[in-house]
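Here the structure is laid out as structure tokens; the discussion comes afterwards.
Coordinate-derived values only; no laboratory data. Here the structure is a predicted model, which means the values were calculated and not measured. Here the Cβ is made from the backbone with ideal geometry for all residues, glycine too, and neighbour counts use every protein chain on show.
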Amino acid sequence: MFKDDLEVILVSLDAEKEKYETFTKDMSRITSCDLKGREGQAARYYCVFATPTLYLLYVNKKILVKPIIRSKSLRGLIC
């Protein structure tokens, strides 16, 4: 269904620019990193509690699939 129109975007939680650039240098997909690790905006906004964390969005940016956050975890309670 989505195979031909699928676009993968990597949002890295690296905190060191050199490590991020080394890891992504040969990637043909869109990549992004604010170099703030787990304290960055993307990690907080999307409640990243483990990696990889995957989201599937429809073309209109509506989230179709997202991870299930364990309600007993502290991260699940504050996000």
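Residue exposure proxy: 33, 47, ordered by other Cβ atoms within 10 angstrom of their Cβ from fewest to most, comes out as 47, 33. Once the chain from residue 64 to residue 8 is taken as fully extended at 0.36 nm per residue, the excess over their C-alpha distance is 18.7 nm.
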